[in-house]
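Encoded as structure tokens, the structure appears first; notes follow it.
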Amino acid sequence: MSLRNKKILITCGPTWVPIDDTRVISNISSGELSQTMAQDLARTGAKVTLLEGAVVNPLKSKTIKILKFCYYDELSKLIKSELKKPYDIVIHAAAVSDYKPKKRFSTKIDSHKKNLNLELIPTTKIIANIKKINPKVLLVGFKLESHLFTKTIAPKIHTLFTQSKCDLVLVNSLAANRYVGYIYDPMGQVLASAKSRKSISISLVKILAQ
């Protein structure tokens, strides 16, 4: 199957959750893998839209539509808006915040406090709503692990297949600053593995084109 003219939505980078009106909780996602995938897919002739968070090195492209966000709520609204359009594939690779402060302070917290306790509560899983909005889309989910052990990964990606209805899941790790990635299907089969972002991106493009 050719990917030419297929409409593909990719999410990218970190999401922020606010603590007060000047501080946020974030993560160290570079968005590099999403950017690589966006470029590789655009080269196939696919019509790619990239929802890009606050990355250090933003992507610049004349062939990829890039929509920016910073906060978790902004990404959530962007996805809901974009999924009203007829996308064929969604690659949800953004490092979405799993927790947010239960209470957001309306003004900057005094920096002279000796102790500051923040109670965190889970955020709603954005990926769990994608197929509810657009059941026909092919959904690729992502799972980042600090240490990746293939023998124990199946239970960790189970909910992505059963609850979020993912068609593929890309599991990756940067342990000891060495990238490793695996692409799984719903049966738990490893369709591809790679030791660089570029290689796993190429593998994913090939799988999507099959």
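The values are calculated or read from the model by the stated rules, or taken from the named source; none is laboratory data. Since the model is a prediction, treat every value here as computed from it, not as a measurement. Here the Cβ positions follow ideal geometry from the backbone for every residue, glycine too, while neighbour counts run over all protein chains shown.
Starting from the range 71-94, take each residue that is of a type in the set (D, E, K, R) and list its partners that are part of a loop (DSSP other than H, G, I, E, B), counting only C-beta distances under 7 angstrom and pairs at least six apart or across chains.
Here the result reads D88/K6; D88/V137, each pair linking the range 71-94 to a residue that is part of a loop (DSSP other than H, G, I, E, B).
Pull up the range 80-95, narrow it to residues that are in contact with a Leu (Cβ under 7 Å, 6 or more places away or on another chain) and part of a loop (DSSP other than H, G, I, E, B), then point me to the one that is surrounded by the fewest Cβ atoms within 10 Å (Cβ to Cβ).
D88
Using beta carbons and a limit of 9 Å, which pairs, at least six apart or on different chains, have the first residue in the range 175-189 and more than 18 Å from M37 (Cα to Cα) and the second one of a type in the set (A, V, I, L, M) and at pLDDT 90 or above?
D185/L168; D185/V169; D185/L191; D185/I207; P186/L168; P186/V169; G188/I157
With respect to V56, determine if the residue is over 21 Å from L170 (Cβ atoms), among the β-branched types (V, I, T) and not in a loop (DSSP other than H, G, I, E, B).
The answer is no for V56.
Any idea how many residues of the range 96-136 are farther than 18 Å from E74 by Cα, in contact (Cβ under 8 Å) with a residue 40 or more places away in the chain and polar (S, T, N, Q)?
Within the range 96-136, residues that are farther than 18 Å from E74 by Cα, in contact (Cβ under 8 Å) with a residue 40 or more places away in the chain and polar (S, T, N, Q) number 3.
Can you name every one of the strands (runs of 3 or more DSSP E) wholly within the range 114-204 that holds 1 or more residues which are of a type in the set (S, T, N, Q) and in contact with a strand residue (DSSP E or B) (Cβ under 6 Å, 6 or more places away or on another chain)?
Here the list reads 168-173, 190-194.
Being over 19 Å from the mean Cα position of the chain (by Cα) and not charged (D, E, K, R) is true for just one of T49, T11, T44, T36. Which residue is that?
Matching residue, one of T49, T11, T44, T36: T44.
Among the candidates G53, G31, G13, which residue alone is in contact with a Cys (Cβ under 7 Å, 6 or more places away or on another chain), surrounded by 13 or more Cβ atoms within 10 Å (Cβ to Cβ) and on the phi > 0 side of the Ramachandran plot?
Residue meeting the stated conditions: G31.
Would you mention how many residues in the range 181-204 are within 17 Å of G141 (Cα to Cα) and surrounded by fewer than 18 Cβ atoms within 10 Å (Cβ to Cβ)?
10
Those residues that are modelled with pLDDT of 95 or more, polar (S, T, N, Q) and farther than 16 Å from I202 by Cα, I need them from the range 27-51; list them, please.
Correct list: T49 only.
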